[in-house]
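A short write-up of the structure that comes next.
The values are calculated or read from the model by the stated rules, or taken from the named source; none is laboratory data. Keep in mind the model is a prediction, meaning the values are calculated, not measured. To get the accessible areas, we keep the full protein, side chains included, count just its heavy atoms, and leave off ligands, DNA and RNA. Shrake-Rupley method; radii C 1.70, N 1.55, O 1.52, S 1.80 Å.
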Amino acid sequence: MSPAEIDIAVHRQLGELVAGMRGLQESIHRIEDGARRAEDKSAASQASVHRRMDQLAERVNELEASASAIGAEISDMKPVTDDVRRWKLMGIGALGVTGIAAMALGVSFAEAIRRIVFVIAGKA
């Protein structure tokens, strides 16, 4: 090979190397752009997850406050409920005693009327 042919071959190889380098640079730029877009999407997704977690934490706090308030109300209601149950039992007992007394009074009254009828009828 003559020096001119070597010079042309070297220039061609240098041209191919430059073209290859430009291709690599373009590929690297595309990869960097893709990585930047992925990072942006990831940051937005993480922000969304954190926002949802904050909302869930607020809702849990509200539920805990409601549950403790309901617990306090229930503990305040328990003595009243116990009193009502006691009154109910006392009322049932009083009704039973009243029923027995009324039955005894009715029997006594019926017996008294029967004697009066016998006296009036003359069967004494």
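Could you tell me whether Leu63 is open to solvent by 100 Å² or more (accessible area, probe 1.4 Å) and at pLDDT 85 or above?
yes
Is it true that Glu73 is part of a helix (DSSP H, G or I), within 25 Å of the chain's Cα centre (by Cα) and modelled with pLDDT under 90?
It is true that Glu73 is part of a helix (DSSP H, G or I), within 25 Å of the chain's Cα centre (by Cα) and modelled with pLDDT under 90.
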